[in-house]
Amino acid sequence: MKSGHRYPGRTLGQIKRNWGLYALLFPAAVLTLLFAYKPMYGVLIAFKDYSPALGITGSPWAGFKYFEKFFHSYQFSSTIKNTLIISVYSLVTFPIPVILALMVNQMRPNRFRRFFQTVSYMPHFISTVVMVGLMMILLSPSTGLVGNLYSLFGKEAPDLMGSAGLFSSVYVWSDVWQHVGWDSIIFIAALSAVDPSLYEAATVDGASRWHKVRYIDIPMLMPTAITLLILRVGGLLGVGFEKVYLMQNDLNATSSEILSTYVYKIGLLSSQYSFSSAINLFNTVINFILLIMVNQISKKLSENSLW
């Protein structure tokens, strides 16, 4: 019992000793409460026949009406399928930043390595609008780079931006090109923390460069990689809206209509606020369940988890 009475005093003592750090944390905590937790009150819209004139509290309850409407709509299966295709496809490319980090770690710290890293980071800072504009110019079947290459051989270039079957490939691989360098930074940082004596001991034992990568680098990267993989799976249905919407057109609409673009069209363009909120809440709940499941599986298999 005595030890139990010490914890409040100990906690207050820690706060007093580290009051400066808590003061720095306070604005971030306030912003998180205001912009992340307070808006959760709006989730009630999904369960109401929301009217802007009546407000959230004044609008009548609708129960699970809009969830059932979405589950029985013709867009349910197609939007879920398209979202999963893009998400799982993107998930398959997860090892690429790890491979790039391993490659960079094997380079000698000279000008070429710095130049290589800078070049790989730069595309990350291109805005989504500019990125999609570049894609439209380069992949144009008539005037783009792809079109000119095909014309050199006397062949007609495919319309990559207008192909429903190639939409996911164009989206994913352009995303890899843009972000692979930036995504590799955290893995390069993890490798820089490896004790150099491990490499020295491996060299003495006659280990080759491949053996060092296999038995030192990769095991050291696994905790970081598993954590990021869990977070990636937790957002499986959370494919970004901006890039998909900008790439979307009438020719590829059957493959490019995902949950986020459908929510935008239903909620903001058609003013069906309750319906769009129900769809978005369904998306969030599924992502949360996936995050919990993958975290538990990782904890059992590798003893690495988020909590």
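The values are calculated or read from the model by the stated rules, or taken from the named source; none is laboratory data. Because the structure is predicted, anything quoted here is derived from the model rather than measured. In this analysis, Cβ positions are derived from the backbone assuming ideal geometry, glycine residues included, and neighbour counts consider all displayed protein chains. Side chains included, ligands, DNA and RNA excluded: accessible areas come from the protein's heavy atoms. Shrake-Rupley method; radii C 1.70, N 1.55, O 1.52, S 1.80 Å.
A few comments on the model shown:
- The numbered conditions (1) over 30 Å from F71 (Cβ atoms); (2) free of Cβ contacts under 8 Å to residues at least 60 places away in the same chain; (3) open to solvent by 30 Å² or more (accessible area, probe 1.4 Å); (4) of a type in the set (G, A, S) are all true for S302 except (2).
- In region 1-24, the qualifying residues are those that are open to solvent by 100 Å² or more (accessible area, probe 1.4 Å) and hydrophobic (A, V, I, L, M, F, W, C), and the one that is modelled with the highest pLDDT is L24.
- Listing of helices (runs of 4 or more DSSP H) fully contained in region 191-267 that carry 1 or more residues being within 23 Å of K300 (Cα to Cα), at pLDDT 90 or above and open to solvent by 60 Å² or more (accessible area, probe 1.4 Å): 218-234
- Residues in region 153-186 that are surrounded by 15 or more Cβ atoms within 10 Å (Cβ to Cβ) and among the charged types (D, E, K, R): D159, D175, D183.
- The lone exception for Y150 - which of (1) over 15 Å from L251 (Cβ atoms); (2) part of a helix (DSSP H, G or I); (3) touching a residue at least 12 places away in the same chain (Cβ under 8 Å); (4) open to solvent by 70 Å² or more (accessible area, probe 1.4 Å) it fails: (3)
- Residue check, N280 farther than 30 Å from V43 by Cα, polar (S, T, N, Q) and open to solvent by 50 Å² or more (accessible area, probe 1.4 Å): no
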